[in-house]
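Undergrad: Take a look at this one; I'll ask things after.
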Amino acid sequence: MKLTLGFSPCPNDTFIFDALVNKKIDTDGLEFEAVLADVETLNQWALEGKLDITKLSFPAFFKSLNNYTLLNAGSALGKGVGPLLITDSQQEITDDEINQASIALPGANTTANLLFTFAYPDARDKTFMLFSAIENALVNKETDLGVIIHENRFTYQQKGLKKVRDLGEYWEQKMELPLPLGGIAINQSVKRSLALRVNELIRKSLEFAFKNYPAIPEYVKQHSQEMSEDVMRQHIDLYVNNYSLDLGDEGRQAIEALHELFLELNNEEADDEDVLFL
């Protein structure tokens, strides 16, 4: 049986799924058709229920509870992993100035947008663009501020850009929980017994990757051609951890807290029929 599996070309995702999609482990008779795309494209596809299994930002997941259920393995949660609000100005910026500034964000359905709204609910001048374009938008004076994710956390200072606020740190101070960034969800059309098998295979794929780390798989390298191996390892070390193997009670609590925040910021009520976890 073949299942479509969507994830980003970022090192944390290719690291997790390398052994699975390239059959370095026994896949229990299942085949996975890898579909690589940027996170906001995956988010949009999730709203359409396009893929059998997909990486997605948590706000997109919360909007897709009629289509998807979260797997226990493969998620990106942690402490010190949040998006950064950055500027090209070397001057201190006040909250009032941020509320009036133009902001570039990596997508309307991203956790980055949700966290920025949490910290700055009165900021309105938002532009959404591909996450990798935000640094250059700042350098080229196309926007006043930007929210960066993924490997840009490790590269923005090289372009003379400055951190204004760590949005993940803001979440951690307010919530005292790890920050959920993105998860792996499975289409509800997939039978629960098969979903459980898939979850176990993802966990085994990551265990295989950890066993061979710090070696970087060729699959990771080929999708990160402009990135040094040092940045790849920084990326993996930051975003892949024990929560990626198993959400655990704390991970589920953090996701539930983020869901409550999502509902609050969108003036929505919880649906008793909503099921987050497999």
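Undergrad: Just one of the numbered conditions (1) without any contact (Cβ under 8 Å) to a residue 12 or more places away in the chain; (2) in a helix (DSSP H, G or I); (3) farther than 16 Å from residue 17 by Cα is not true of residue 225; which one?
TA: (2)
Undergrad: Related question: Which condition does residue 210 not pass, out of (1) of a type in the set (Phe, Trp, Tyr); (2) free of Cβ contacts under 8 Å to residues at least 40 places away in the same chain; (3) crowded, with 19+ Cβ neighbours inside 10 Å, if it passes all the others?
TA: Just one mismatch for residue 210, condition (3).
Undergrad: Provide a single number: the residues in the range 1-59 that are part of a loop (DSSP other than H, G, I, E, B) and surrounded by 24 or more Cβ atoms within 10 Å (Cβ to Cβ).
TA: The number of residues fulfilling the criteria is 2.
Undergrad: How many residues are within 21 Å of residue 217 (Cβ to Cβ) and free of Cβ contacts under 8 Å to residues at least 24 places away in the same chain when one looks only at the range 234-278?
TA: Number of matching residues: 2.
Undergrad: So in the range 167-194, with the set limited to residues that are in a helix (DSSP H, G or I) and over 21 Å from the mean Cα position of the chain (by Cα), which one is surrounded by the fewest Cβ atoms within 10 Å (Cβ to Cβ)?
TA: Looking at the filtered set, the residue picked out is 193.
Undergrad: Pick from the range 98-111 the residues that are among the polar types (S, T, N, Q) and either outside the structural domain of residue 168 (by TED's automatic domain parsing) or surrounded by fewer than 23 Cβ atoms within 10 Å (Cβ to Cβ) (or both): which of them is nearest to residue 146 (Cα to Cα)?
TA: By that ranking, first place goes to 102.
Let's see how each residue does on (1) of a type outside the set (A, V, I, L, M, F, W, C); (2) more than 18 Å from the chain's Cα centre (by Cα); (3) not assigned by TED's automatic domain parsing to the domain that holds residue 215:
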position	(1), (2), (3)
14	yes, no, no
17	no, no, no
23	yes, yes, no
29	yes, yes, no
34	no, no, no
37	no, no, no
40	yes, no, no
45	no, no, no
58	no, no, no
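Undergrad: Restricting to the range 92-124, count the residues that are aromatic (Phe, Trp, Tyr) and free of Cβ contacts under 8 Å to residues at least 60 places away in the same chain.
TA: Looking only at that region, the number is 2.
Undergrad: Can you confirm whether residue 67 is under 22 Å from residue 11 (Cβ atoms), assigned by TED's automatic domain parsing to the domain that holds residue 222 and touching a residue at least 60 places away in the same chain (Cβ under 8 Å)?
TA: So residue 67 fails the test.
Undergrad: Just to be sure before I move on: is residue 198 part of a helix (DSSP H, G or I), surrounded by 14 or more Cβ atoms within 10 Å (Cβ to Cβ) and at pLDDT below 95 in the structure I sent?
TA: Taking the combined requirement at face value, the residue does not satisfy it.
Undergrad: Picking from 139, 147, 164, which residue would you name as being surrounded by 22 or more Cβ atoms within 10 Å (Cβ to Cβ) and within 19 Å of residue 98 (Cα to Cα)?
TA: After applying the criteria, what remains is 147.
Undergrad: Please go through the range 235-255 and give me each residue that is under 16 Å from the mean Cα position of the chain (by Cα) and more than 30 Å from residue 214 (Cβ to Cβ), ordered by number.
TA: Selection gives nothing.
Undergrad: Could you pull out the residue among 70, 114, 85 that is closer than 30 Å to residue 229 by Cα and either surrounded by fewer than 18 Cβ atoms within 10 Å (Cβ to Cβ) or aliphatic (A, V, I, L, M) (or both)?
TA: Just one listed residue meets the conditions, 85.
The values are calculated or read from the model by the stated rules, or taken from the named source; none is laboratory data. Note that this is a predicted model, so its numbers are computed, not measured. Cβ: placed from backbone, ideal geometry, glycine included. Neighbour counts: every protein chain shown.
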